[in-house]
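Engineer: Okay, handing you the structure first.
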Amino acid sequence: MTGAATRRSMTTQQRRAIVVLSMAAVAAILLVVTAVAGGYRINLTPSEPLGLWRIIPLHRPAAVDDLLFICPPETAAMRAARARGYFRSGSCPGGVAPLIKTVIAVVGQRVEIGVSVSVDARKVPSSDLALRDGKGRPLTPFPSGIVPQEHVFLHSAFPGSYDSRYFGPVPTSGILGLAQEVFTYVP
């Protein structure tokens with residue numbers, strides 16, 4: 001094979017490789033866009049099982065025991081949590097990923113925060129407070145109080161969860177919908 005023929009052969013192989021890789025990239029982008037538009041999200045946090053989840057529209061007010069996808073509000077506490085690495089990057093305001101948390105109290109319910117959390121004088125299971133995060137930094141519990149209008153109080157049974165125990169009730173305007181497991185794994 002001559003030098004020119006070898007160069008043409010390599011150029012043809014390179015073109016084929018570029019076409020195949022470009023098609024694969026376009027297919028991957030289309031898959032991701034379709035999944036996000038269809039309400040699918042991947043959870044990589046230990047607060048709930050790892051894996052594929054779907055956001056189901058919520059056509060009623062949030063209720064106790066609802067497992068929700070919710071965008072945290074853009075507050076100083078949330079910006080500090082983001083700076084500490086508690087939130088992953090995502091599509092919510094402030095550039096954070098939606099949280100997956102369970103509603104444990106709604107408007108008008110009294111939340112007491114001490115060694116653990118109580119709602120209307122009933123202790124919430126797996127709600128003990130941590131004094132420090134996983135890196136030894138101090139955590140400050142949110143003060144006790146009544147859940148205000150258009151807010152919910154969130155919780156996760158995962159011991160290291162950063163939830164309303166620390167940042168308080170969040171606005172219902174951030175609710176994206178119910179969280180439905182599609183394909184998950186509990187390590």
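Nothing in this text is a laboratory measurement; each read-out follows from the coordinates by a stated rule. Please read all numbers here as calculations on a predicted model, not as lab measurements.
Engineer: In the Gaussian network model of the chain, springs joining C-alpha atoms below 10 Å, which of PRO61, PRO171, PRO141 carries the largest mean-square fluctuation?
Structural biologist: Of the options given, PRO61 has the highest mean-square fluctuation.
Engineer: If you take the square roots of the eigenvalues of the alpha-carbon gyration tensor of segment 36-83 and sort them as a ≥ b ≥ c, do you get rounded (a/c under 1.5), prolate (a/b over b/c) or oblate?
Structural biologist: The shape class here is oblate.
Engineer: Using a Gaussian network for the chain with springs between C-alpha atoms less than 10 Å apart, which of these wobbles most: LEU176, LEU129, LEU139?
Structural biologist: LEU139
Engineer: Further question on the same structure: Can you tell me the orientation of helix 3-37 relative to the chain, as the angle in degrees between its alpha-carbon axis and the longest Cα principal axis, to the nearest 10?
Structural biologist: With rounding to tens, the tilt is 20 degrees.
Engineer: In addition: Is the C-alpha gyration tensor of segment 40-185 telling us rounded, prolate or oblate? Criteria: a/c under 1.5 is rounded; beyond that, a/b larger than b/c is prolate, otherwise oblate.
Structural biologist: It is rounded, given that a/c, with a ≥ b ≥ c, falls under 1.5.
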